[in-house]
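Below is one structure, written out as structure tokens; comments come after it.
The values are calculated or read from the model by the stated rules, or taken from the named source; none is laboratory data. The structure displayed is predicted, hence computed values, not measured ones. Cβ placement follows ideal geometry from the backbone for every residue including glycine, while neighbour counts extend to all protein chains displayed. Please note that ligands, DNA and RNA were not included when accessible areas were found on the heavy atoms of the full protein model with its side chains. Shrake-Rupley method; radii C 1.70, N 1.55, O 1.52, S 1.80 Å.
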Amino acid sequence: MRLDLNSLSSRLIAAATVWIGLFLLLAGIGLTSLFRQSVERSFDSNLEVMLDGLVAVAEVSPEGRISLQRTPAETRFDRAYSGWYWQITPLDSAAVIEAVEENESADSEVMRSRSLWDITLPLKRLAALEEDDEGGLRRGYMAGPQDQRLRVLERRLALPENPRVISFALAADTSSIDAEVAQFNGFVIGGLFMLGGGLVIALVIQVRFGLRPLENVRSALRDIRTGRQTRLHGEFPAEIKPLADELNSLLDYTTDVLERSRTHVGNLAHALKTPLSVLTNESRRSDGALAGLVEREAAAMREQIDHHLSRARAAASVRVLGAFTPLEPLIERMERTLARIYLDKNLLIEAECEAGLAFRGEAQDMEELVGNLLDNACKWAERRVRVRAGPTPGDESMLTLLVDDDGPGLSSEEREKVLDRGARLDERKPGSGLGLSIVKDIAGLYNGAFTLEESPLGGVRARLVLPRAKAEN
């Protein structure tokens, strides 16, 4: 799984996982070290008891020779190279010390267990062992016969009635320590892995659960953007609720600004159109070149006002969040309206729209788009007009509206020209020539597209591509 460091949850999980890993690693090292020390202390206690027993049975003859009242009862001291050894060495003899340091067979004054066979524990290495303050006890590790790793305890003392310093040493193979520590380490590693895995799983659940309100906010904003909702709904934690309230306030403010803008646009249109109507009526009552000029310019001004006010209204509403317009009822309503308007032509208007298809935009804009296209098609059609709406092939985020008629059609040059503002190819037909130009402008504001093509019915096909909104569940 790829770690996305741009994700807040991934950052929290990654940082906590690293910290948990470091903490468990240090805890594992500490536990294994403490356990090894504990095992070594226990092992040393047993060796120290055996060493004291060895000292207790040692005695010196009047001639100064060392002997044992009895040999230690541990059978491992009798088996060759068993890993358990004892050795008694007088340290006041230079020859003995030199022989022992060279790991050679010493004279008869050196006593050792049968398990050592003919090997002598080197005193030079014994001297390098760590010394305990209690009773001159030395302890540590050294290499023994057959490369065994030995734990060694040595005590140097003088026996009664004998001024000679004697070294009592006892060594044991550490394989039992290593095995016990290795077994413990296995349990510790397995337990820490399980603990770490459990902590990480709990952490993931905690982060996912804790950040779920942010996911709910994102889903709610997506619903608002696609038009399924107009506000943020639901219960939010105390940390998220101020954000949700501010977003709802912003949405209310945007809607209020849009409504005021529409009101101002309508008032401006009414304020300008009324004087223009007065000028037009007065010019028609008068004769002369001036009256004709006034009438033509007033008509041109009315067309400019219609065009730019329609464009301004669409531009004001196109970016509003939450805009959602079901297409099927709107097309059916426009179909009935235009069938009554063009009743004398006895047109067959066929409408086909996918169920649930919705436009991500204002209903007024969609009414103007569909109304202009259908009106233009009915105006030029002979008998049939066909309207089809559905998702755009290859792009589920857009919808496509096709309007066909069986009229006389247009050449490619005429189709380009008719989209120019105010262009009219036939002055005998009623209208200002602004309808298709307004459709093109509104489609562009919504990042859509509008084109004219040759229709399979013989006339003109208007193709309109607009943003699609998902219908509410």
Return the pair list, or none, for Cβ contacts closer than 8 Å from residues in the range 375-391 that are farther than 10 Å from LYS345 by Cα and assigned to a strand (DSSP E or B) to residues that are of a type in the set (S, T, N, Q) and modelled with pLDDT of 90 or more, at least 6 apart or on different chains. ALA389/THR400; GLY390/THR400; PRO391/THR400
Across the range 144-161, what is the total count of residues that are at pLDDT 80 or above and either in a loop (DSSP other than H, G, I, E, B) or farther than 19 Å from PHE77 by Cβ (or both)? 5
Within the range 264-286, can one find any residue that is open to solvent by 50 Å² or more (accessible area, probe 1.4 Å) and within 30 Å of VAL217 (Cβ to Cβ)? no
Of all residues in the range 228-259, how many are within 21 Å of PHE209 (Cβ to Cβ), assigned to a helix (DSSP H, G or I) and either among the hydroxyl-bearing types (Ser, Thr, Tyr) or open to solvent by 70 Å² or more (accessible area, probe 1.4 Å) (or both)? 3
I'm checking my understanding of the structure. Among residues of the range 343-369 that are assigned to a loop (DSSP other than H, G, I, E, B) and not acidic (Asp, Glu), which one is surrounded by the most Cβ atoms within 10 Å (Cβ to Cβ)? GLY361
So ARG388 clears everything in (1) modelled with pLDDT of 90 or more; (2) over 30 Å from GLU454 (Cβ atoms) except one condition, right? Which one? (2)
Inside the range 370-397, can you point out the residues that are open to solvent by 30 Å² or more (accessible area, probe 1.4 Å) and farther than 25 Å from ALA339 by Cα? PRO391, PRO393, GLY394, ASP395, GLU396, SER397
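Scan the range 162-218 for residues that are under 29 Å from ASP245 (Cα atoms) and open to solvent by 30 Å² or more (accessible area, probe 1.4 Å) and report the count.
Residues that pass the stated criteria total 12.
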Residue in the range 99-121 that is at pLDDT 75 or above, touching an Asp or Glu at 6+ places or on another chain (Cβ under 9 Å) and among the β-branched types (Val, Ile, Thr) present: yes
